[in-house]
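Taken together, the values in this text are just the output of simple stated rules run on the coordinates, not laboratory data. In this text the structure is predicted, and so the values were computed from the model without any measurement. No Cβ is skipped: glycine too gets one built from the backbone with ideal geometry, and neighbour counts run over all protein chains shown.
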Amino acid sequence: MLFIALPLVALCCLILFVIFGYASYIVLRDDLNEKIEQTADINARVLATPFWYLDVDNIESALNAMSRDRDIVAVRALGADGTEFARTGASQGDLGDTLRLSRRVYFERNNVRHDVGELVIYFTEERVRELLWRRILIDLILFGLLIAVVTASLLIANRRSIKEPLSRLLHSIRMTKHGRLRRPVEWNSVDELGLLIREYNEMVALQGQAQEEAQRKQALLEATLHNIGQGICLFDQDLNLMVWNERYIELLNLPRDLVKEGTPLSDILRFNGERGEYGEVSIPALISDRVAIARRREPYRMERTRPNGRVVQVDHNPMPGGGYVATYTDITERKQTEARMRHLAVHDVLTSLPNRTLFLDRLRQALLSARRFQRGVTVLFVDLDRFKDINDHFGHDVGDLMIQEMGQRLSRIIRDSDTAARLGGDEFAIIQTDVQNIEDTIVLAQRIIDELAQPFDCRGIRLHSTASVGITLFPEDGENPEQLVKNADMAMYAAKAEGRNNYRFFLPSMHERVKERKTIEEDLRNALEHDQLELFYQPKVDCLTEQVVGAEALVRWKHPERGMILPGEFISVAEECGLINKLGAWVLREACRQTQIWRENGMPDLRMAVNLSPAQFQDVELVRTVTQTLETTKLPEGTLELEITESILMNNPEKAVSTLKELKKLGVGIAIDDFGTGYSSLNYLKRFPVTSIKIDRSFVNDINVDPDDKAIVDAVIGLGHSLHLDVVAEGVEEVEQLQYLQNKGCDFIQGFLFSKPLPVPVFEKWVKDRNENQPRLGNPVAEPADSND
Ligand SMILES: Nc1nc2c(ncn2[C@@H]2O[C@H](COP(=O)(O)O[C@H]3[C@@H](O)[C@H](n4cnc5c(=O)[nH]c(N)nc54)O[C@@H]3COP(=O)(O)O)[C@@H](O)[C@H]2O)c(=O)[nH]1
């Protein structure tokens, strides 16, 4: 643009210059003419007189004066007749291209004008031309300068107002083209260029926003693509790889140089085939197969187990224009969870043994095959004795360990073809298949009992337990799995009821007994609520003086329909169904309350013994219950005695010692009940803070007929005394027994010889009568104890 503008400007300047030049020439020439004419006019008037008088000197001096003008070349004074009478300046021959101006000279006299001659001036335009050239030169210089200034101004203006914004615009366009510019072009002129740049900036801004939005979406897409847990790849219509994410590479463990844009599907399939990803297959066949599937344009899903064990689910989804998107999901954990869920659905979590569902299923299978092959099948229902006590006392963690150990032991002793299952709690069941004769089952039942009688070591706690086993035979005791299990359960209950730690074969009569037991359980719950329990008191007498020193509280159940029920019938039910603590707390409260009444009413020294069942002893609330009972009944220290069995102590000796110590602090005496039937260890008698031992009535019974029993009784009395414990003989029914015990120095006696357990009013009357009237029953004169007898 500048290249066009500049010559135009120069041409314009030249034209102007010519015009100005010509005008200057005209002006200068006119000035010269005017000046010469004035000179001629003035001198024509001045020389009128000299001309008249032909005063040549004056004429010549006037001519000389005129000749001094640089523009005048020569001056001639001519007479009226045209003769020259004076002349100055150049000669005629040198006048050349000079200009000529003449004036007639008139002399006026008496108002008559006389033509007296002519004044001729020869002048030159040389100075005019000189001046003109000088001016032209100056003008040229000025025009040159002007053009330079104008050009420079134009250049600067061009640069500032056109080139600069245009170059910025151009830069911006190039950068924008390459997608690098985000800033607007800085130009604020108010001309069209400014408007253009503003429009451009707005366009770039809008484009930038759109680009940023697109980039943001792209970034989000990429972030999504690379961060999703699934591997993704996209193959175009020619089945060449176009898009993929990191997870795709990781999940399938593909080399990076293989996973690049344009890699054909067949290459990837070949690579996978060669590294054994699809197992032992023909690779060309596999490739053509997979490629055919990919071209089929139908979605499909497959699961692939990789050589590293991971399971990958592959989903192919065809794209509208051809090609497909495949997603790869690692479903290993899901598969494992499903497998675990399937396992858990039919296995017990704690022991990993089959649960009831799987057990019944296997039993069904076993029965089918037993029917077909005429083989014997037995079901053994196994339950730990007093497991509930252990659980209550040591907590569920220990109970769980015991159950786990029990499961392991049972699994160990059965054959591979048999099944051991946990049906719930401490209930296990075993399917014994291919039973040839009943002996096989007896051997297994006894092995179970022996195995479970071994101490359990649970977190350093040594626990002793036993098991009861109920057995059913197929098809005699049940045609279907449910029946066989139910009857085996019943047989197990019978084993428990008959003393535990043994096995029982199912008998149809057991149905009645179990039903009865269930009825007792339901009625017992009612009994506690409806005040149907009552305490009987069996007196305890001093062995020598035969005076009443205390009593043992024994519970009775006044059943509204069945009459009086003895504890032997319902205590074990209460223990099994968890009612024993409630029942025991009531007995304790009632016995203490009654004792305090008696102590305040004529029996001030009466002591009271209360039985504690194992579950009560293991109850963490025991000490608190005893403390509260003593407080509310105001029973003084040394009055209450709690009777516990040896087995209670041996389950957890450490815990027993601490409980007993706490009870002792309350002033409560501890009697070991049924002494001699259990461990009868000197060691625990030494360790446990007990106050008395009660010789079991089975020894007392035959004291005078069985030398063994006699020996045991003697030993127990000796043992007790050597440890400074009171010795109580229970079950004394005969005078001879009493006399023997008196002779042996036994301290206290309990038994039907003196009295059966009595209800309150009868007990009161009995004590009154005894103290007032009754004669001594034993030796007339008490002999000192003879330890050598
Ligand atoms: N945990 C609790 N156990 C209790 C409670 N009340 C009783 N029992 C226990 O029930 C078992 C049976 O008791 P019971 O039927 O009352 O029998 C007692 C006596 O009647 C009986 N006995 C006493 N002297 C004789 C006798 O000379 N001959 C004979 N054949 N029986 C006799 O012995 C039972 C008391 O025994 P013991 O407790 O060992 O002193 C029994 O095991 C009770 O412990 C209770 O409240 N809680």
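Tabulated data
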| read-out | value |
| --- | --- |
| Sites His396 and Lys558, calculated FRET efficiency, Cβ-Cβ separation with R0 35 Å, nearest 0.05 | 0.45 |
| Proxy reagent accessibility, fewest Cβ within 10 Å first, across Leu484, Leu54 | Leu54, Leu484 |
| Set of aspartates and glutamates with alpha-carbon distance to Lys665 below 15 Å, sequence-local pairs under 8 removed | Glu631, Glu637, Glu641 |
| Shape parameters for region 1-104, alpha-carbon atoms, Rg then Dmax in Å | 21.5, 77 |
| Global form of region 332-477, assessed from the alpha-carbon gyration tensor, a/c cut-off 1.5 | oblate |
| Cα long-axis angle, helix 396-413 against the chain (0 to 90 degrees, to the nearest 10) | 70 |
| Ranking of Glu621, Glu246 by count of other Cβ atoms within 10 Å, fewest first | Glu621, Glu246 |
| Label point 7 Å beyond Cα of Ser189 along Cβ direction - residues of region 153-174 with amide nitrogen under 12 Å | 154-169 |
| Theoretical FRET efficiency, 1/(1+(r/R0)^6), r = Cβ-Cβ of Arg687 and Glu439, R0 56 Å, to 0.05 | 0.80 |
| Residues Met650, Met66, Met302, Met492 arranged by fewest to most Cβ contacts within 10 Å | Met302, Met650, Met66, Met492 |
| Sorted largest first, extent of the chain alpha carbons per principal axis (Å) | 224, 80, 49 |
| Sequence-distant lysines (8 or more away, or on other chains) whose Cα lies within less than 18 Å of Lys540 | Lys694, Lys744, Lys756, Lys765, Lys768 |
| Helix 126-158 axis, angle to the chain major axis (alpha carbon atoms, nearest 10°) | 10 |
| Computed [θ] at 222 nm, deg cm²/dmol, the chain (DSSP H ≥ 4; -39,500 (n - 2.57); rounded to nearest 500) | -17000 deg cm²/dmol |
| Cα-based shape type of region 25-84, given that a ≥ b ≥ c are square roots of the gyration tensor eigenvalues and the cut on a/c is 1.5 | prolate |
| Eligible aspartates and glutamates near Lys335 by straight Cα distance, threshold 14 Å, same-chain separation 8 or greater | Glu303 |
| Spacing of the two label points (7 Å from each Cα toward its C-beta) at Ile141 and Lys217, in nm | 7.2 |
| Hull shadow area, averaged, region 590-656 [alpha-carbon convex hull, nm²] | 4.7 |
| Inter-label distance for Asp41 and Arg275, nm, one decimal - labels placed 7 Å from Cα along Cα-to-Cβ | 12.0 |
| Cα point-scatterer Debye curve for region 410-456, base-10 log of I(q)/I(0) at q = 0.14, 0.15, 0.20, 0.29 Å⁻¹ | -0.35, -0.40, -0.70, -1.24 |
| Efficiency of FRET from Cβ geometry, Glu199 and Glu130, R₀ 56 Å, rounded to 0.05 | 0.40 |
| Amide H contacts of Val116 (H built 1.01 Å from N, under 5 Å, at least 5 apart or other chain) | Val105, Tyr106, Phe107 |
